[in-house]
Amino acid sequence: MKNKKAGRWQAILLIVCICFFIGVLVGALSAGELKNEQAEALKSYAYFLDRNDIGFGKLFVKHGKYIAGIWLAGFLYSGAVIILIIVFTIGIFYGFSASFAAAQRGIGYVALNLLPQNCLLIPLYIFASVWSLGFVLNRFSNNGPKSRIRRERNKRLSEHLVILICCMAFNGAACLSEIYITGSILGLIN
């Protein structure tokens, strides 16, 4: 029984990772296909964003909306598809932004400016997705007597809430990393 559950979690993890990496590839390829005037417009827009300091609250919402969307999709019957679409979209965003930043500013900028917080955020998105997909699949399967199903669902619901709280705490740590660690590294370089 445990091997069957472990195999199920591994299959879910594999599906989520494949979906994310395909999104990264699509984003990177689309960044490479930009025309010069599009790249210049994005470069000026990125320069404007770099000049504006983004506070903790905005960063927390920026990253937390994906986690909340993944978590909320766990309650829907079609939540598995929605979760995979969110993961694919996150992959596109990360692939495009890293590829575009590397083309414009070099790989050093990507390593110093994008990597620290993304070392926390990407595994966090993957973990939240795997957990929520498992939650969806378990929530809408009907195994056993009704009383056991109700107890099991209440237990899984409380676990799902604890996972959301933990994910949001790690999101806060990633936001602090983005504000302080990345800012101090860039301050040393400039």
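The values are calculated or read from the model by the stated rules, or taken from the named source; none is laboratory data. Everything numeric in this text was worked out from a predicted model, so none of it was measured. Note that each Cβ is placed from the backbone with ideal geometry, even for glycine, and that neighbours are counted across all protein chains shown.
Tabulated values for the structure
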item: Criterion: surrounded by fewer than 16 Cβ atoms within 10 Å (Cβ to Cβ), among the polar types (S, T, N, Q) and at pLDDT 85 or above - qualifying residue of Ser132, Ser147, Ser158; result: Ser158
item: Matching entry among Ile12, Ile22, Ile70, Ile83 (being under 15 Å from the mean Cα position of the chain (by Cα), over 16 Å from Cys167 (Cβ atoms) and at pLDDT 90 or above); result: Ile22
item: Long-range neighbours under 9 Å by Cβ, at least six apart or interchain, first residue in contact (Cβ under 8 Å) with a residue 24 or more places away in the chain within segment 88-100, second among the basic types (Lys, Arg) and assigned to a helix (DSSP H, G or I); result: Phe100/Lys43
item: Checking Tyr77 against (1) among the hydroxyl-bearing types (Ser, Thr, Tyr); (2) within 27 Å of Phe135 (Cα to Cα); (3) at pLDDT 90 or above, the condition it does not meet; result: (3)
item: Among (1) at pLDDT 90 or above; (2) among the aliphatic types (A, V, I, L, M); (3) under 28 Å from Met168 (Cα atoms) - the single one Leu29 does not satisfy; result: (3)
